[in-house]
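Since the structure comes first, as structure tokens, the remarks are kept for the end.
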Amino acid sequence: MILLRTVFVVVFFVFPGALSAQDPDSVIVDAVAIEGNRAISDKDLKLLMFTRANPWYEIFPGVDVRQFNPAVFRSDVERILARYEDQGYFEAVVDTVVDRYRPGFVRIRLRISEGEPVVVSSVRLKVLPGDAWQDSTRLQAALITRTDRPLTRMSRESDLKKIAEILQNDGHPFARAAADVAVLDKRADVTYRVTPGPKCRFGKIEISGNRTVSDDLILRGLTFRTGEAYRRKDLSNSRLQLYRSEAFRSVSLGIPDTVARTSPVDVSVLVRERPARSLKLGAGFDTEEQLRGLLAWRHRSFLGGGARQLTAESSASALEARARIAVRQPYILGSRTWLEMTGFVEQERPEEIRVKRAGASAALERTFRATGRVVFQVRTEVVDFDPDSTRTTFSLEYLEDRRDDYFDPTRGLLAELAVKASGYRDFFKVSGECRWYRKILWKSVLALRVSGGMILSRRHADSIPNFERFFAGGASSVRGWRLNRLGPRGPSDLPVGGLSHLEGSVEVRTRLFSGLGMAVFTDAGNVMSDRLGAFDPGRLRVAVGVGLRYLNPICPARLDVAFRLSDDPSQPDRQIHFSLGQAF
């Protein structure tokens, strides 16, 4: 009580304007309460309202005081009623009580009588003309409006969008759909009137907005050609393929409004190019790499024609130093295939690996759908600049990326499978990883990760170089161990890597405020010197921990504190990691 009185006295004498500068004719909203609602939560209803109670910190200077406005409050009630109608509650009633319990202040109470929702009794499709579309069963199966469920606006809009999408992807670019609803005694008959329109083919392709990128290259980036059957998804896929060339700021594909509603259908492609040259400087810091720097220069119209890229970049940190020059050619075998030729020099600095390499590689990348790609690479390099250590490796990698965000995903998955073979010392390496994200309660995200791999060799295991072996531990691995410190050790107590690897993580990420979050996690894993040892559940090493996340617009920054639950005399019981980006 003494503390509260002291705070009041300070506020009263130091900030007297906060309590006395109010307009004598103004009325302040002191509280807003909602009663009787079941179908829609208090939180969702209050989000519809501009009339809200003032926060506790209104006594401080600079905080806008929310005044009661009867006209605005009437609009709030109308929005609430509209929301109930959208949910199928056409008989909802909102009674309001505005209590002027003391001069200048009001308390507002909304008493809601929801009534019973209107329930769908039947859902019908009416295709016009009757013989224009023979696959009504597929349309019916795609509808989310179902009998004996409440009639909602969202479900009807979703159905109309889905009907148009199916028809347009089946060659009917001018397909239209509308919904008729007949309500009687709280039962609704829903009829979708569908007009497929003519089945069409792609016509002339008109390109505009390009200056340095040639029309021919843009045409090669499209997934459709003149004369092919029209499909709406070809427009969206083509837009994605043109963006992947990294030559354009914006890409728009569509049917001009003036086009005749007959076959063939002309398509307009409007692009806006990026600058032909760019320079990128970057820097970062974490507890493992320490200070990291990046310098990259890119020419996006190398040797003319546009979209052929020349990239020269270098990066360095406490863990590695790299320099490379690469030429990337898009659309060499159709719109979905890229070729990249690279020359590189690199050094890995950790004591347990410590290697220098120089060489060249050629990679052929093929994309599938909007989320998957396959990369085949041939790489030749000289290890530690010793001519006798020249090695050539072949690798095949498949990547499926359905995450909603690269740096801070909240839903979707990332799956990767890689196979690598080398004639140098004859080994075969298989590795894979899967990450999965899903939103759960209280603004939280459940994140799961599993990764593993094995190395097979016709020779003795000691012939496999350390830089090809598996290591675990660190800020993005099993966080109860330092970088690369989980696994077999050599005579000098340095990690030597292993031939098998398995690890997994479970993390719950919760947003506390607009720019601050926290995480609770469990990590488990191990690296073993034999081919299958890491896959024995009894050998897994476990750590738990908590962390803070600074959720800035560019990339989350994280601070994790991890505690080992498994014995390891060589490691402290606690590890602290600071890094940029989520752990996975």
Being surrounded by fewer than 17 Cβ atoms within 10 Å (Cβ to Cβ) and among the charged types (D, E, K, R), is that true of even one residue in segment 495-507?
no
Filtering strands (runs of 3 or more DSSP E) wholly in segment 354-429 for at least 1 residues that are of a type in the set (Val, Ile, Thr), within 22 Å of Ser335 (Cα to Cα) and in contact with a Phe, Trp or Tyr (Cβ under 9 Å, 6 or more places away or on another chain) gives 355-368, 372-383
Considering residues of segment 231-248 that are within 18 Å of Arg328 (Cβ to Cβ) and free of Cβ contacts under 8 Å to residues at least 60 places away in the same chain only, the residue most open to solvent (accessible area, probe 1.4 Å):
Tyr243
Find all pairs meeting these conditions: Cβ atoms under 6 angstrom apart; at least six residues apart or on different chains; first residue within segment 101-112 and farther than 17 Å from Phe73 by Cα; second residue open to solvent by 90 Å² or more (accessible area, probe 1.4 Å) and part of a strand (DSSP E or B).
Tyr101/Arg107
List, please: which pairs have Cβ atoms under 8 Å, are six or more places apart or on different chains, and start with a residue in segment 327-351 that is more than 28 Å from Asp216 (Cβ to Cβ) and end with one that is at pLDDT below 95 and among the aromatic types (Phe, Trp, Tyr)?
Glu348/Phe467
If I filter segment 316-332 for residues that are at pLDDT below 95, open to solvent by less than 70 Å² (accessible area, probe 1.4 Å), assigned to a loop (DSSP other than H, G, I, E, B) and at positive phi, do I get at least one hit?
yes
Could you check, for segment 497-511, whether at least one of its residues is under 30 Å from Gln347 (Cα atoms), in a loop (DSSP other than H, G, I, E, B) and either over 27 Å from the mean Cα position of the chain (by Cα) or among the polar types (S, T, N, Q) (or both)?
yes
Return the pairs, sorted by first residue and then second, in which the second residue is part of a strand (DSSP E or B), the first residue lies in segment 262-275 and is open to solvent by 80 Å² or more (accessible area, probe 1.4 Å), the beta carbons are less than 6 Å apart, and the residues are 6+ apart or on different chains.
Leu270/Ser208; Leu270/Ser252; Arg272/Arg249; Arg272/Ser250; Arg274/Arg249
For segment 83-95, does any single residue satisfy the condition of being among the charged types (D, E, K, R), over 26 Å from Glu157 (Cα atoms) and not in a helix (DSSP H, G or I)?
yes
Pairs, first under 20 Å from Ala326 (Cα atoms) and among the charged types (D, E, K, R) in segment 373-386, second open to solvent by less than 70 Å² (accessible area, probe 1.4 Å) and assigned to a loop (DSSP other than H, G, I, E, B), C-beta under 9 Å, six or more apart:
Arg373/Arg336
Determine if segment 144-154 includes at least one residue that is surrounded by 17 or more Cβ atoms within 10 Å (Cβ to Cβ), among the β-branched types (Val, Ile, Thr) and within 30 Å of Thr223 (Cβ to Cβ).
no
Give the residue that is least open to solvent (accessible area, probe 1.4 Å), with candidates limited to residues of segment 336-352 that are modelled with pLDDT of 90 or more and assigned to a loop (DSSP other than H, G, I, E, B).
Pro350
Given the criteria under 26 Å from Ser122 (Cβ atoms), open to solvent by less than 40 Å² (accessible area, probe 1.4 Å), outside any loop (DSSP other than H, G, I, E, B) and charged (D, E, K, R), does Asp159 qualify?
yes
When Ala519 is run through (1) at pLDDT below 95; (2) part of a strand (DSSP E or B), the failure sits at (1)
Being touching a strand residue (DSSP E or B) at 6+ places or on another chain (Cβ under 9 Å), without any contact (Cβ under 8 Å) to a residue 60 or more places away in the chain, surrounded by fewer than 15 Cβ atoms within 10 Å (Cβ to Cβ) and not β-branched (Val, Ile, Thr) is the requirement here; does Ala358 meet it?
no
Ala557 - would you say it is open to solvent by less than 20 Å² (accessible area, probe 1.4 Å) and under 30 Å from Arg459 (Cα atoms)?
no
Within segment 144-195, which residues are more than 27 Å from the chain's Cα centre (by Cα), farther than 30 Å from Ala260 by Cα and touching a residue at least 40 places away in the same chain (Cβ under 8 Å)?
Thr145, Pro150, Leu151, Thr152, Arg153, Val183, Lys186, Arg187, Ala188, Asp189, Val190
Just a yes or no: is a residue in segment 215-230 without any contact (Cβ under 8 Å) to a residue 12 or more places away in the chain, part of a strand (DSSP E or B), hydrophobic (A, V, I, L, M, F, W, C) and surrounded by fewer than 16 Cβ atoms within 10 Å (Cβ to Cβ)?
no
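The values are calculated or read from the model by the stated rules, or taken from the named source; none is laboratory data. Fair warning: this is a prediction, and the values are worked out from it, not measured in the lab. Positions of Cβ are generated from backbone atoms using ideal geometry, with glycine treated the same way; all protein chains shown enter the neighbour counts. When the accessible area is computed, the model is the full protein with side chains, heavy atoms only, and any ligands, DNA or RNA have been set aside. Shrake-Rupley method; radii C 1.70, N 1.55, O 1.52, S 1.80 Å.
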